[in-house]
Amino acid sequence: MPDPHEPTAGATERDPLEVASPLFEEFAGLYERAYADGAASALTKELVALGTSIGRSCEPCAEYHIRRAIELGATRGALVESLFVAFLAAGSVTTPAVRRLVRLVTEHTADPVPA
């Protein structure tokens, strides 16, 4: 039986990203629909995703969601409080990431951090 991953004789091999492109496009569409305003605002959804990113130890994901939340009008206070809730929920393993992310928030927002 021929290997389904090997091109057949005379066939040209397709770029794997070209083959996967429709899947990425479908995912992007799903992402846009899921994060759109609905019963919960797009900002609320970004803050939930920020907490989930912290819990999953995905610092690049958390940075993305911080930037999106800022674009949607999140205040420094809301972001810092969200980071602290995620920190408490996820535990001390997230300490280094949360410290870096609080710095990121401070660099990209102007309002004061709540006491």
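The values are calculated or read from the model by the stated rules, or taken from the named source; none is laboratory data. Every value quoted in this text rests on a predicted model; they were computed, and no experiment measured them. Note: ideal-geometry Cβ built from the backbone for every residue, glycine included; neighbour counts use all protein chains shown. Side chains are part of the model used for accessible areas, which takes the heavy atoms of the whole protein and leaves out ligands, DNA and RNA. Shrake-Rupley method; radii C 1.70, N 1.55, O 1.52, S 1.80 Å.
Using r as the Cβ-Cβ distance of T106 and C58, and R0 as 22 Å, what FRET efficiency do you calculate, to the nearest 0.05? That gives a FRET efficiency of 0.60.
Placing R0 at 25 angstrom, the Cβ-Cβ distance between S41 and R99 gives a FRET efficiency of 0.35 after rounding to 0.05.
Computed with a 1.4 Å probe over protein heavy atoms only, the accessible surface of region 52-115 comes to 59 Å² per residue. Accessible surface of the chain, 1.4 Å probe: 61 percent of it comes from carbon and sulfur atoms. Is the shape of region 62-115 best called rounded, prolate or oblate, per the rule: a/c under 1.5 gives rounded, else a/b larger than b/c gives prolate, else oblate, with a ≥ b ≥ c the square roots of the Cα gyration tensor eigenvalues? Judged from the Cα gyration tensor, region 62-115 comes out prolate (a/c at least 1.5, a/b above b/c). Inter-label distance, E25 to E81: 4.2 nm, where each label sits 7 Å from its Cα along the C-beta direction. Along the axis of the charge dipole computed for the chain (Cβ charges of +1 for Lys and Arg, -1 for Asp and Glu, origin at the Cα centre), the listed residues A28, S53, F87 are led at the positive end by F87. If you plug the beta carbon distance of E13 and A34 into 1/(1 + (r/R0)^6) with R0 = 30 Å, you get a FRET efficiency near 0.30. Size descriptors for the chain: radius of gyration and Dmax over Cα atoms are 19.7, 69 Å. Max-minus-min Cα coordinates of region 30-74 on each principal axis give 27, 20, 14 Å, with the largest extent listed first.
Per-residue packing, averaged as other Cβ atoms within 10 Å, sorts the ranges 100-107, 22-29 into the order 100-107, 22-29, beginning with the highest. Computed from Cα atoms, the angle from the helix 95-108 axis to the main principal axis of the chain rounds to 80 degrees.
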